[in-house]
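The structure under discussion appears below in the form of C-alpha cells.
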Amino acid sequence: SKSHGKNQLTLFSFKILDEFTSRINLENDLKKAVLNDELRLYYQPQVFSADGTVRGAEALIRWQHPNGKLIPPNVFIPLAEDMGIIHEIGNWVISEACSQMHYWHTQYHFPLTISINISPIQLLSENFIDIAFNLISESQIDIRSVEFEITENVFIYSLERTINSLKKLSDRGIKLSLDDFGMEYSSLNYLGTLDINVLKIDKAFVSSIMVDPRRTKILDAIIKLSHQLNLEVVAEGVETQRQLDYLRSKKCDILQGYYYDKPLPSSEFETLYLKNKDT
Ligand code: C2E
Ligand code: CA
Ligand code: CA
Ligand code: CA
C-alpha cells in the first residue's frame, strides 16, 4: 500500500542518515585517534617453510577506539585514504614498526625482517621516498631488514610512477613484496620489469588447495614462475596442516597464517617468538 511505501522510504532515509552521521563520527574519531595515540601495530609471524624458523613479521594496524572496540584496518584505512590522513598514519606505521624491530634486533640478535604495508596513495605521493628513508634511518634499523608490501592495485594509478618509486626504494636496499598477487590487476607482463624480491600469493589461492583443482594449478604455476624469476614466494592465509604440507611440497618459501598465529600485540609476539625461541 501507499502508506507502507512511505514507511519504507522513511526507514530508508533514516538508514542513510545514520550511515552518514556515523561516517562523520568515524572521521572525526579517526582524526583524534592519530593525535591521541589510539593506533596499534600487531605482528604476525612469517615462517620459512623449509625449516620452520621465523623469517620475520608483518605489521598490521589496529585502532583501539575509546569505546573499547578494536577497529580493523579494512574499515578505517580506506577512510584514511579518502580523508588524506593516510600519509600521517602510514608514516607512523613505518616509524613504529621499524623502531620496534630495531629494539628486538638489539635485544635478541635474530635477523628478523619487518614487513610493512604501504598504501598506493602513500607510495605515489610526492615526498614519500625521502620521508620513508628518513623514518627508517631515525629508527636505526638496518635497512636490509625492512620490507615494503605493495598491493597490485597500485598499478591502476600509474604504472610508470610505480616502477620508478619501486626502483628508488630497491636501489637503497629495501626489500619489496608484491601483496595480494593474483587478485586484482594481475599482469604477468610487469613481473619481469619490477624491482621486487618477494611475491605474496593471496589467501584466496591458499584456501583453494584441496577445494578447487583449477585454482590450485594456478597457484602451482605462480610458485614456479616466481622461482624462475628469482622471487621468493610467501603464501598468506595458511590455516591448516594440509595447506601447509601442500605448500611445502611445492617449495613455497615462506608461510603466514592462523595455522601459526594471528597477528599479535608486540608483547605477545616477543614472548612467543623471541624470548622463548627454542633454538
Ligand atoms: P593484507 O596486507 O593482505 O593482510 C593480510 C590480512 O589477512 C590481515 O588482515 C591478517 O590479519 C589476515 N590473515 C592473516 N592470516 C590469516 C589466515 O590464516 N586466515 C585469514 N582468513 N586471514 C588471515 P587485517 O590485519 O585485518 O588487515 C587487512 C588489510 O588491511 C591488510 O591486508 C592490508 O591491506 C590493510 N592493512 C593492515 N595494516 C595496514 C597498514 O599498516 N597500512 C596499510 N596501508 N594497510 C594496512
Ligand atoms: Ca600485506
Ligand atoms: Ca595480502
Ligand atoms: Ca588484502
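Under 5 Å between amide hydrogens, which residues at least 5 positions from Q46 or on another chain qualify, with H placed 1.01 Å from N in the peptide plane? For Q46, whose amide H was placed from the backbone, the distant partners under 5 Å are R55, G56, A57, E58.
In the chain the longest region clear of trypsin sites (Lys or Arg not before Pro) that are loop-assigned by DSSP and have at most 15 other C-beta atoms within 10 Å covers 70-171.
Quick check on the chain: of the DSSP beta bridges with both residues there, what percent are antiparallel, nearest 5%? It would help to have the intermediate numbers written out before the result.
Numbers: 15 of 38 bridges.
So the antiparallel bridges amount to about 40 percent of the total.
If the segment from T53 to K277 were pulled out straight at 0.36 nm per residue, it would be longer than the present Cα-Cα gap by 79.7 nm. Put the Cα centre of region 71-127 next to the Cα centre of region 160-223 and the gap is 20 Å.
Structure note, pairs K31/K262; K175/K277; K200/K251; K203/K224; K224/K262; K203/K275: Cα-Cα distances above 20 angstrom occur for K31/K262; K175/K277; K224/K262; K203/K275.
Loop-located chymotrypsin sites (Phe, Trp or Tyr not before Pro) in region 177-241 (DSSP state not H, G, I, E or B) with no more than 16 neighbouring Cβ atoms inside 10 Å: Y185. Taking the centroid of alpha carbons for each part, region 224-271 and region 131-157 are 21 Å apart. Label zone (M183, point 7 Å along Cα-to-C-beta; backbone nitrogen cut-off 20 Å) within region 46-63: 46-47, 57-63. If you stretched the chain out fully between N67 and V34, how much longer would it get, using 0.36 nm times the residue separation minus the C-alpha to C-alpha distance? Result for the pair: 10.3 nm of gain on full extension.
None of the figures in this text is laboratory data; all of them are computed from the coordinates on show. Owing to the predicted nature of the structure, the values given are computational and were not obtained by experimental measurement. Note that each Cβ is placed from the backbone with ideal geometry, even for glycine, and that neighbours are counted across all protein chains shown.
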